[in-house]
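Structure first, commentary second.
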Amino acid sequence: MLDLVGFLFYDFAATALEDKRSCLNDRMGKPLFGKNIRSWTTFIIRANWARRLTERAFRGKRVVLADNGVPRNLVYGRAAARRAGKKPTGHGFTLPNEYGEAPMNLVFAGGKASLDEMIASTEHGLLVTRLWYIREVDPYEKVMTGMTRDGLFRVEKGKVTTAARNFRFNQSVLEMLRNVEMMSPSARAAGKNRSKW
């Protein structure tokens, strides 16, 4: 899932909204995802020692990004916060940069379903094990193109039946998040080798 929803990192940035390059422009505070979608971010202490000192005050600040499918908040670097009359959230990048800030530690609340339960509840579908070569096609609708890889299987009447041929897809991340029926518990998907402070 991170392969697709990770493309939302920069859309929750105040600078992206200000520059009119976010898929959340004119959509903040309105239902956009499914009601079961909740997301937040916390500040990450990065390995750069000098940066730790300047951003120490922001450590541990949680920002709810989406709740019940509604985008609620953005993250702010110092410059964007000053322009918007807000407090910085500690998600800014070292200046100068073209992005401003981003919630790089993006967390999605999971569910309670196991993979077996999800397969058993599927009448007709595909079990996708990996995606790759993903690129953005339409930034505002968040349409991505990519390919399946390393195992694609048909699911029929609640059972994995046969292998399927890999294919290229076009999928809106917004549409995908509107149609989530079941989720597994949250799992860490990246950053396993980050240094700890």
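The values are calculated or read from the model by the stated rules, or taken from the named source; none is laboratory data. The shown structure was predicted, so the numbers you read here are calculated from the model rather than taken from an experiment. FYI the Cβ positions are ideal-geometry reconstructions off the backbone, even for glycines, and counts take in every protein chain you see. SASA here: full protein model, heavy atoms, side chains in, ligands and nucleic acids out. Shrake-Rupley method; radii C 1.70, N 1.55, O 1.52, S 1.80 Å.
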Of all residues in the range 100-129, count the ones that are in contact (Cβ under 8 Å) with a residue 40 or more places away in the chain and either assigned to a loop (DSSP other than H, G, I, E, B) or among the aliphatic types (A, V, I, L, M) (or both).
17
Does Asp3 fit the bill of being outside any strand (DSSP E or B) and at pLDDT below 85?
yes
Name, by its number, the condition in (1) more than 22 Å from Arg178 (Cα to Cα); (2) open to solvent by 30 Å² or more (accessible area, probe 1.4 Å); (3) touching a residue at least 40 places away in the same chain (Cβ under 8 Å) that does not hold for Tyr140.
(1)
Do you know which residues across the range 1-43 are under 20 Å from Arg82 (Cα atoms) and β-branched (Val, Ile, Thr)?
Thr15
What are the pairs, 6+ residues apart or on separate chains, where a residue within the range 70-99 that is within 23 Å of Leu32 (Cα to Cα) has its Cβ under 8 Å from a residue that is of a type in the set (A, V, I, L, M) and in a loop (DSSP other than H, G, I, E, B)?
Val70/Leu32; Pro71/Leu24; Pro71/Met28; Pro71/Leu32; Arg72/Met28; Leu74/Leu24; Leu74/Met28; Val75/Ala102
